[in-house]
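Here the structure is laid out as structure tokens; the discussion comes afterwards.
The values are calculated or read from the model by the stated rules, or taken from the named source; none is laboratory data. Remember, predicted model here, so these are calculated numbers, not experimental data. When we count neighbours, we look across all protein chains shown, and the Cβ atoms used for this are built from the backbone with ideal geometry, even at glycine.
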Amino acid sequence: MRYAGVHSIADAAARMGGPIAQEIAGGLFLLTWILASGSGFIGLAEGFKTLSNRHVCNIAWTLVAATCTAIVSSIPTLGRLSILAWIGFASIFTAVFIVVVGVTQVDRPAAAPQTGPYDMDVHAVGIPEFAPGVVAAVNLFTGYGSTPTFIPVIAEMRNPRSFTKSLFSSQVFLASCYVAFGTVVYMYCGKYVASPSLGSAGGTLEKIAYGVSIPGFIMTTTLWVHLAAKFLLVRILRNSVHLQSKTVIHWVTWLGSTIGISALAFIIAEAVPFFSYLVGLIGSICCMPTCLIIPAFMGLYMDWEKRSSSKVKMSLCALHIFTIVLGSFMTVVGTYTTIQSIIDAYNDGRVGSAFTC
């Protein structure tokens, strides 16, 4: 392997920019999965709340989600989670498919007016105002925001040389599902797509979709907390005998990481209790730097000295530079518009206050 010592995006940043770059990249990686876990808790709590006919306080369900995640994510290795991860994937995929089919069978979306005429406002090419357009673009990009986790996954693969094949097959499948499922739901719901979208069909179909999705939500948040905790464990115990040896210090650090990250994600889920805006924060603050800016710098690091060797290398370097500029712009603008949207949502009364039922 060309860079065998690189086990995370922080290691890659350290190779390019030294300790300061490593700390910045590591902090962004950690923040990404803490915020993502918070968004998962919101989805999981919404599922529990829907199944209980909203008779239990939302804070209680979010706490249940955080507790379940903290327990399962404390399993030490990803290998032991693989079977549960496949179950989680099947769960989420089936739930989304139920919604996709369901919205084609109901008279009108659950979020639309239930009597009288209504307009779904469907456009092949939309022309939104600047702030909503940026938030929407960031949210779409966040769907592909897991790419920084691919580097630590390589470290646990039995045959790292199979990574490229796994990468392309998974991303082609993911993109195909996004386009197909997203198009159908938008065509039948328009501006009345629920957030999370599992509630778009409403009624019994909503309960079925959320019921099927719960194992998937638990496993998704489990993997996110596990990855963040593993990064934190290595960061704290690096160059120590406790990193590989299952000592008391090792277990205290590991359990403290999983429980602490779950607790932080719980606080975030209650402080920003609306799914789409939290996803926007993840995309703008975290995914733009870790999925666009840092990988583009990695590309420049590998290709810059060879830029004059061929037109292909020169074009790649130009693409890397363009990606850095685009990522920087979207980070600044996306963060500003998302935070402003959150402030406006609170001021307009579209959402309740933090830490309320």
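Of note:
- Test for T222: is it surrounded by 16 or more Cβ atoms within 10 Å (Cβ to Cβ), at pLDDT below 85 and either closer than 27 Å to L264 by Cβ or among the aliphatic types (A, V, I, L, M) (or both): no
- Selected residue (only one of T115, T149, T104 is closer than 28 Å to T290 by Cα and polar (S, T, N, Q)): T149
- Selection from segment 60-114 of residues that are within 24 Å of P152 (Cβ to Cβ), under 18 Å from the mean Cα position of the chain (by Cα) and either β-branched (V, I, T) or outside any helix (DSSP H, G or I) (or both): T69, I92
- Just one of the listed residues (D107, D121) is of a type outside the set (A, V, I, L, M, F, W, C) and on the phi > 0 side of the Ramachandran plot, and it is D121.
- Across segment 203-246, the number of residues qualifying as among the charged types (D, E, K, R) and in contact with a Leu (Cβ under 9 Å, 6 or more places away or on another chain) comes to 4.
- Whichever residue in segment 278-313 is in a helix (DSSP H, G or I) and small (G, A, S) and, among such residues, is surrounded by the fewest Cβ atoms within 10 Å (Cβ to Cβ): G299
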